[in-house]
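> Submitted below is the structure of interest, expressed as structure tokens.
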There are 2 protein chains.
Amino acid sequence: MSLGTLYLIPTTLGEGCDLSAILPEQARRLAASLRTFVTEHPKTARQFLKQTGTAIALQEIRMSTLDEHTRPDELASLLQPLLDGEDVGLLSEAGCPAVADPGATLVRLAHARNIRVVPLVGPSSILLALMGSGLNGQSFAFLGYLPAEKSARINKIQEIEQHSLRLNQTQIFIETPYRNQQLLQDLVATCASDTELCVATDLTLASEDIRTKSIAEWKRKLPDCDKHPTVFVLYRRPVDKMPRQATARQRK
Amino acid sequence: MSLGTLYLIPTTLGEGCDLSAILPEQARRLAASLRTFVTEHPKTARQFLKQTGTAIALQEIRMSTLDEHTRPDELASLLQPLLDGEDVGLLSEAGCPAVADPGATLVRLAHARNIRVVPLVGPSSILLALMGSGLNGQSFAFLGYLPAEKSARINKIQEIEQHSLRLNQTQIFIETPYRNQQLLQDLVATCASDTELCVATDLTLASEDIRTKSIAEWKRKLPDCDKHPTVFVLYRRPVDKMPRQATARQRK
């Protein structure tokens, strides 16, 4: 018997986003044709499936959950439909599955059983923030969440800044939305004045706002991203890669 | 006078790829409506624009080049149409502009002049490889190309593997396609047998092939990705995060 294929299907990054803005037509049609899904959050997955215009009744769709509470011994049952020859769609709560969510475990197991894995194109807030930042896209790292406790967070910010300078690498991180303003205050209080910071809020939504400034510029006026999903992109540029304005004196 | 908007428009990752598989409909329509572009490679940009079905005659489209040979003093002229109120599309040779290409410089200058920057959703071989790998998507880094010289490359591979273990971070890198097989041989000769490696070839194309195995498994049979665009994803899993099979003995 042939094995099924595991399709990694990206979803919207928030409410009020039209699928035609974030998902290629082929991916939408494929999502609308599947009957078996593994989802991080069944409620948002059902909303997404309605948006795809699926002709399959929602009660005929089999939906299993894979989230941070899923135990390792439950993974085998999530894999079973694929071993039985059925195609399965993996859906994250927002954006691309298997990036910054628990989905990667299932993908890794699929490889171990020679199941074909097909990632589909869709929105990733991490990648959109990096593109939109204008900061170094030749080398970058995504670090996930920063520590919630203040002194640990400040230590981490210092480490991130040093890392960026030493590796010439853009550093990307996120925070729980209600702590965004606190993180911003810690960033401007901790980082060097010519470190560059992009604040990318509500990506792909009507309220999208992406701005890159130096820490010195941000200090004059902090952006308001309180309770809005935001990606932070930080780059401590080596002196020989300063933008023209900043190096004008040296180059004369 | 109001400023123009800089749209970052992703393109296909290779020939023979239908836009409906990789670009959301809104992004395609937007690309088809613009008259001014900054492109890494005008020939592939013109092919892409034809695919968008633009109704604007190609000779009426203004196309400037931004590539690795562009001098810093040429950037101002690329920015001028935006300052004059015109919308501009930024196109990379393949995939997402401003990621692993020279486009980021223009995006950074746009921010410095308060020009709105809008990144559109599309294919990134880096992100698709990470999704498809099933390796740690909570923390990852993209490193660009490895050194071409053999002993420097082997040193770099060792450094990448140690980095992955120490930071619990997936490491992503690329190679000039005609050197892929040499890189694979160096990887299996250098890395620990239980280090995991995903080889993701011809992403989004009909010949797409994504497989993740341990170095020990790859040693038995190397994949053939000679002269095919390939992304390499490496992860040295901390012992406490080994997959179930590998840790069965410890857990008993």
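> Taking the range B:197-240 as the search range and keeping residues that are hydroxyl-bearing (S, T, Y) and crowded, with 17+ Cβ neighbours inside 10 Å, which one is farthest from the other protein chains (Cβ to nearest Cβ)? Walk me through it before giving the result.
Filtering the range B:197-240 down to residues hydroxyl-bearing (S, T, Y) leaves B:201, B:204, B:207, B:212, B:214, B:230, B:235.
Those left that are additionally crowded, with 17+ Cβ neighbours inside 10 Å: B:201, B:204, B:212, B:214, B:230, B:235.
On the way: B:T201: 13, B:T204: 7, B:T212: 4, B:S214: 10, B:T230: 15, B:Y235: 9 Å.
Only one residue tops the list, namely B:T230.
> Considering A:L90, A:L82, which residue is over 19 Å from A:L23 (Cβ atoms) and in contact (Cβ under 8 Å) with a residue 24 or more places away in the chain? First the steps, then the outcome.
Details: A:L90 fails: over 19 Å from A:L23 (Cβ atoms).
Only one candidate passes the filter, namely A:L82.
> Further, regarding this structure: Can you tell me which of A:S124, A:S139 is crowded, with 23+ Cβ neighbours inside 10 Å and of a type in the set (S, T, N, Q)? Break it down stepwise before answering.
Values: A:S139 fails: crowded, with 23+ Cβ neighbours inside 10 Å.
Only one candidate passes the filter, namely A:S124.
> Within the range A:44-73, work out how many residues are among the hydrophobic types (A, V, I, L, M, F, W, C) and surrounded by fewer than 16 Cβ atoms within 10 Å (Cβ to Cβ). It would help to see each step written out before you state the result.
Start the filter on the range A:44-73 by keeping residues that are among the hydrophobic types (A, V, I, L, M, F, W, C), which leaves A:45, A:48-49, A:55-58, A:61, A:63, A:66.
Now restrict to residues that are surrounded by fewer than 16 Cβ atoms within 10 Å (Cβ to Cβ): A:55-58.
Total satisfying the criteria: 4.
> Please work out which residue is nearest to B:P72 (Cα to Cα), limiting yourself to the range B:135-154 and to residues that are more than 8 Å from chain A (Cβ to nearest Cβ) and among the hydroxyl-bearing types (S, T, Y).
Residues of the range B:135-154 that are more than 8 Å from chain A (Cβ to nearest Cβ), as a first pass: B:145-154.
Retained after the next criterion (residues that are among the hydroxyl-bearing types (S, T, Y)): B:145, B:151.
Working: B:Y145: 23, B:S151: 34 Å.
Of everything passing the filter in the range B:135-154, B:Y145 is nearest to B:P72 (Cα to Cα).
> Let me ask something else. Does B:G132 qualify as being part of a helix (DSSP H, G or I), in contact with a helix residue (DSSP H, G or I) (Cβ under 9 Å, 6 or more places away or on another chain) and within 8 Å of chain A (Cβ to nearest Cβ)?
On the way: part of a helix (DSSP H, G or I): yes; in contact with a helix residue (DSSP H, G or I) (Cβ under 9 Å, 6 or more places away or on another chain): yes; within 8 Å of chain A (Cβ to nearest Cβ): yes.
Here the answer is yes, as B:G132 does meet what is asked.
> Now a separate question. Mind counting the residues in the range B:97-119 that are within 25 Å of A:V117 (Cβ to Cβ) and in contact with a strand residue (DSSP E or B) (Cβ under 7 Å, 6 or more places away or on another chain)? Reasoning before the result, please.
Quick first cut of the range B:97-119, residues within 25 Å of A:V117 (Cβ to Cβ) only: B:99-100.
Pick out the ones that are also in contact with a strand residue (DSSP E or B) (Cβ under 7 Å, 6 or more places away or on another chain) and you get B:100.
Of the residues in the range B:97-119, 1 are within 25 Å of A:V117 (Cβ to Cβ) and in contact with a strand residue (DSSP E or B) (Cβ under 7 Å, 6 or more places away or on another chain).
> Within the range B:153-168, which residues are crowded, with 20+ Cβ neighbours inside 10 Å and either among the polar types (S, T, N, Q) or not in a helix (DSSP H, G or I) (or both)?
B:S164, the sole residue that qualifies.
> Which residue is nearest to the other protein chains (Cβ to nearest Cβ), if the candidates are limited to the range A:74-106 and must be polar (S, T, N, Q) and surrounded by fewer than 24 Cβ atoms within 10 Å (Cβ to Cβ)?
Pass one, the range A:74-106, residues polar (S, T, N, Q): A:77, A:80, A:92, A:105.
Subsequent filtering for residues that are surrounded by fewer than 24 Cβ atoms within 10 Å (Cβ to Cβ) retains A:77, A:80, A:105.
Values: A:S77: 14, A:Q80: 15, A:T105: 7 Å.
Among residues in the range A:74-106 that are polar (S, T, N, Q) and surrounded by fewer than 24 Cβ atoms within 10 Å (Cβ to Cβ), the one nearest to the other protein chains (Cβ to nearest Cβ) is A:T105.
> Could you check the range B:107-126 and list, in sequence order, the residues that are in contact with a helix residue (DSSP H, G or I) (Cβ under 6 Å, 6 or more places away or on another chain), outside any loop (DSSP other than H, G, I, E, B) and either more than 7 Å from every other protein chain (Cβ to nearest Cβ) or without any contact (Cβ under 8 Å) to a residue 12 or more places away in the chain (or both)?
B:L109
Throughout, read-outs are computed from the coordinates displayed, never taken from laboratory work. Predicted, not measured: the structure shown is a model, and the values here were computed from it. Counting neighbours? That spans all protein chains shown, and the Cβs are built from the backbone with ideal geometry, glycine included.
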